[in-house]
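> Following this message is one structure expressed as structure tokens.
Quick note: the coordinates plus some simple rules give every number you see, no bench work behind them. It should be emphasised that the depicted structure is a prediction, and the values quoted were computed from it without experimental measurement. Counting neighbours? That spans all protein chains shown, and the Cβs are built from the backbone with ideal geometry, glycine included.
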Amino acid sequence: MSTSFESATMIDTPLAWRWIRDIAAATRCQRFDGRVGRDGLRLEVDAEGSWHSDAEVSSDAAQLLSIWLPWCVADLSQGPRLMAQLGQSLDGRIATVSGASHYVTGPLSLVHLHRTRALVDAVVVGAGTVDADDPQLTVRHVEGDNPLRVVLDPRARVCATRGVFTRDSAPTWHLVAAARAAQVTAEMAAQGAGHVTVKPLQVDAAGLIRPRWWRCWPRVAAGAFWSRAGV
């Protein structure tokens, strides 16, 4: 059911989500003053993400605000914020016995996942996840902007035909070992993948990625999946 924000008489889920996104954007620019409102409805948020409103708030909206406001108002001047995410079934599995992960959760979990993506600057997955799942890494189930997609692929083993490299729904970084960067850049250019930027990774003698590559962005979501080269 759609909501007219101009005539809203209570804080419902669509309005709460709009405000959450507004607060995240304002915090990123260091412009959030602790208050947000529309047409007589007001929400006050403290530095820890606790909130108060004199208006009526639906139970779903209240849950949404309590989940996401602490993340949105985190002090980014203290360094980037990294969130690890995985999908898990009620019996504790993140994949079926055969290894399939489509899907061990349900529709509400997908909405939560896409909200996570909408509130970060970049979403990071490993080469194994892209190979096995061919994910879109977009926010198609909620309102919001698609984040930068980052594929960690130091051995440059992900096929160039995977969706993140062929669908331009979001800018994409392909992180490969510095020694392979020129070759991968040429391959992406050959297939017209203008939305893909190849970034060289510094890899140590053991073939491991040197730390702190993720400090490029204030807020990062990392996906971790069963038996795959996630983060």
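> Do any GluC sites (Glu not before Pro) in the range 1-87 lie in a loop, going by DSSP, with at most 12 other beta-carbon atoms within 10 Å of their beta carbon, and if so which?
GLU48, GLU56
> Multiply the residue separation of ARG157 and ALA84 by 0.36 nm, subtract the distance between their alpha-carbon atoms, and state the gained length in nm to one decimal.
Gain on stretching ARG157 to ALA84: 24.0 nm.
> Evaluate E = 1/(1 + (r/R0)^6) for HIS52 and ARG31, where r is the Cβ-Cβ distance and R0 equals 30 Å; express this FRET efficiency to the nearest 0.05.
Computed FRET efficiency for HIS52 and ARG31 comes out at 0.90.
> Continuing with this model, one more query. Given H placed on each backbone N at 1.01 Å, which residues far from ALA177 in sequence or on other chains put an amide H within less than 5 Å of it?
ARG155, ALA156, LEU201
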